[in-house]
1. What does the charge dipole of the chain about its Cα centre add up to, to the nearest 20 debye, if the Cβ of each Lys and Arg holds +1 and the Cβ of each Asp and Glu holds -1?
2. Hey, can you grab everything whose amide H is under 5 Å from the amide H of residue 74? Only 5+ residues off in sequence or another chain; H modelled, so Pro and N-termini drop out.
3. Per-residue counts of other Cβ atoms within 10 Å, averaged by peptide: what ranking do you get for 132-138, 183-189, 51-57, highest first?
4. So which residue, out of 108, 39, 206, gets the largest mean-square fluctuation from a GNM of the chain using Cα contacts under 10 Å as springs?
5. Once you have the Cα-Cα distance between residue 188 and residue 96, take 0.36 nm times their residue separation minus that, and quote the gain in nm to one decimal.
6. Counting alpha carbon pairs within less than 8 Å and at least 6 residues apart, what relative contact order, in whole percent, applies to the stretch 2-219?
7. Among 169-176, 154-161, what's the highest-first ranking by average C-beta atoms within 10 angstrom per residue?
8. Going toward the positive end of the dipole of the chain, with +1 on Lys and Arg Cβ and -1 on Asp and Glu Cβ, which of 166, 209, 124 do you reach last?
Amino acid sequence: MKQSLLPLAVSALLFGGAAHAADSPDEAGHSRLRLYFSKSSETDLVTVVVGDYQRSPENNYLVGATWGHDLSDTLFGLPFPMTWHVGVQYLAERGRQSDGVGATAFIKANYRMRVPWTQKHLDLGLGEGLSYVDPIPMSEQRDFAKKGPDVHSEKLMNYLEWTIDLPLRQFDAMAPLFQSGGIEDMSVGFIVWHRSSVFGVFAEEKGGVNFMGFGVEAKF
């Protein structure tokens, strides 16, 4: 039971702050669909967020899809629009073990940043929640095995997601694609898919795995 308390507490805190800050409860908000491809990386989370990639020996990868919806325009009054998300993943293990499947559920804080010396912008996102996979990726198993012969990861772990997206509608050449009204905007960008034990909360030792890649997100 203790394994799920910390991320649930963090997510509840974020959810509470977002729900309290909801400015327009009568508005339905927007939905989002993201499709992405990511490969396992040896890079630490500290540098992975800026794109530092070191391929893992397993060279395994995942393909995922995430559905999300607007939750609030702010977080505790700060200008961080909040969204909730659920996702599914297919994990290709390259013959080292049977391929796996996964599921994620998380709350995400978003921030729109203007690119210096331009009128264009990027969308930054940081998500926190839970990840369940079966079986555990080989690259993650190896990270825990380095700490001892009886040290293992768990199927249920903490989940972090970091995204950097470039919205396409801000470019005049792309604007005609959205005139039909079905899709309000579309983005292409970078994603970090991160599972970890949060310093031993979810497993006996600290450890985890990063998958880094690219994806596309449609906003409805």
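1. It comes to approximately 380 debye.
2. Here 23, 82 satisfy the definition.
3. My ranking of the peptides, most packed first, is 132-138, 183-189, 51-57.
4. 206
5. 30.0 nm
6. It rounds to 21 percent for the stretch 2-219.
7. So the order, starting with the most tightly packed, is 154-161, 169-176.
8. Among 166, 209, 124, the one farthest towards the positive end of the dipole of the chain is 209.
Bear in mind that the values in this text are calculations on the coordinates, not laboratory data. Predicted model, so just to flag it, every value in this text is computed and none were measured. Backbone-built Cβ (ideal geometry, glycine too); neighbour counts: all protein chains shown.
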